[in-house]
Amino acid sequence: MVAASVLFACTLMYALLLAPPSGFPQGTVVHVETGASISGTARQLVEVGALNYEWPFVFAVSLMGERGVQAGSYALEARENALILAYRASQGQVGQNLVRVTIPEGTTVSDMATILTQALANFNAQAFLSEARQYEGYLFPDTYFLLPGMPEHAIIERMRANYVEKYQTFKDAVEASGRTEHEIITMASLLEKEARQRETMQEVSGILWKRIAVGMPLQVDAVFGYIKDVPTFNPSFADLEIDSPYNTYKNRGLPPGPIGNPGFDAIYAALNPIESPYLYYLTGKDGTMHYARTFEQHVANRRFLR
């Protein structure tokens, strides 16, 4: 009877304190920075759902020597209890070799599928696209360290979580702008394609917001690349008549959603437009931006395209 009680107590203690949580985040990578504390690492593991409590991990790492936790990107490939995680962290056992994948600013979901297909073996582009398209604009462009064979939905969750984290930087500014998050991200996705530097993005931002304010169509050529699903596209006169809600020549205001996934500079520019007397702009052959107050001046500026 006593033995059974002790066994039950030990089992309960293991289940509560050491066993991996039911929602253990398999396929996740936890980055431990150089100089990270044991408690800080334990907190990270609790936040991602790999630990139930911080203190068993902290206690176990402390008993394993004076080295503390080792910096590295730790692959959580399978369900592991607190003691195993503590041992791995103390010894620097990061797991599988991770694949470094860089998603550039302005990349569309379709472009992401191509990049990931080239980087990861057995990546299912169609499975990725079927889930990721709904998050166009809200998958943050960044460098990711991914597990070989990582499920498509887990990659999307990583990118979504990164967006949510990065968006906190702009959240207050968005609320103060009087515009919605969706409006800002949609505008930022246009700016990402229309200009190259933060300041020119801000100048174009001022022009595009002004066009919306005066009821003028945005007339952004970059939307046709999105409509046609190609990286870059110079629309013909026939393209300007395409029946699409993303056609900013036929429809006033912003398109219904982002045409790519913008980075920091484009989001900043959408929130911080530079006011000017201009209504038109174009990028010359040498990359220089040329502005105009009137359509006639804009037509004259087209000489810089040659």
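Any read-out appearing in this document is the output of simple, stated calculations on the displayed coordinates, not a laboratory observation. None of these values were measured; they are calculated from a predicted model. Quick reminder, even Gly has a Cβ in these numbers, built from the backbone with ideal geometry, and neighbours come from all protein chains shown.
Translational diffusion coefficient of segment 180-275 at 4 °C, 1.567 mPa s, Stokes-Einstein with Kirkwood Rh over Cα pairs, in µm²/s as a whole number.
Values: Rh = 13.1 Å.
The calculation lands on 99 µm²/s.
With q set to 0.20, 0.25, 0.26 Å⁻¹, the log10 of I(q)/I(0) for segment 232-305, from the Debye formula over equal scatterers at the Cα positions, is -1.31, -1.30, -1.26.
Helix by helix, which DSSP H runs in the chain go 18 Å or more along their axis at the Cα atoms and have an average Kyte-Doolittle hydropathy of -1.0 or more?
Working: long enough: 152-167 (22 Å, -0.88); 181-194 (20 Å, -0.16); 198-214 (24 Å, -0.08).
Span-like helices in the chain: 152-167, 181-194, 198-214.
For the listed peptides 148-156, 187-195, a ranking on the average number of other beta carbons within 10 Å per residue, highest first, reads 187-195, 148-156. Shape summary: segment 116-183 maps onto an equivalent ellipsoid whose semi-axes, from the alpha-carbon gyration tensor, are 28, 13, 8 Å in decreasing order. Temperature 25 °C, viscosity 0.890 mPa s: under these conditions the Stokes-Einstein estimate for segment 29-123, based on its Kirkwood radius over C-alpha pairs, is 166 µm² per second. On the principal axes of its alpha-carbon atoms, the chain has extents of 93, 38, 35 Å, going from largest to smallest. With the helix formula -39500 (n - 2.57) applied to DSSP H stretches of n ≥ 4, the chain reaches a computed 222 nm mean residue ellipticity of -13000 deg cm²/dmol.
Neighbour counts of C-beta atoms inside 10 Å place MET159, MET289, MET216 in the sequence MET216, MET289, MET159, starting with the fewest. Working from label points 7 Å from Cα in the Cα-to-Cβ sense, the LYS250 to THR283 distance is 2.6 nm.
Is the C-alpha gyration tensor of segment 154-193 telling us rounded, prolate or oblate? Criteria: a/c under 1.5 is rounded; beyond that, a/b larger than b/c is prolate, otherwise oblate. Judged from the Cα gyration tensor, segment 154-193 comes out oblate (a/c at least 1.5, b/c at or above a/b). FRET efficiency for the pair PHE304 and ASP229, taken as 1/(1 + (r/R0)^6) with r the Cβ-Cβ distance and R0 = 45 Å, rounds to 0.95.
Take GLU136, GLU77 and order them by how many other Cβ atoms sit within 10 Å, fewest up front. If you can, show how the numbers build up before the last one.
On the way: GLU136 20, GLU77 16.
Least crowded to most crowded, the residues run GLU77, GLU136.
Residues whose amide H falls under 5 Å from that of THR107, counting only those 5 or more places apart or on a different chain, are ASN261, with hydrogens built in the peptide plane.
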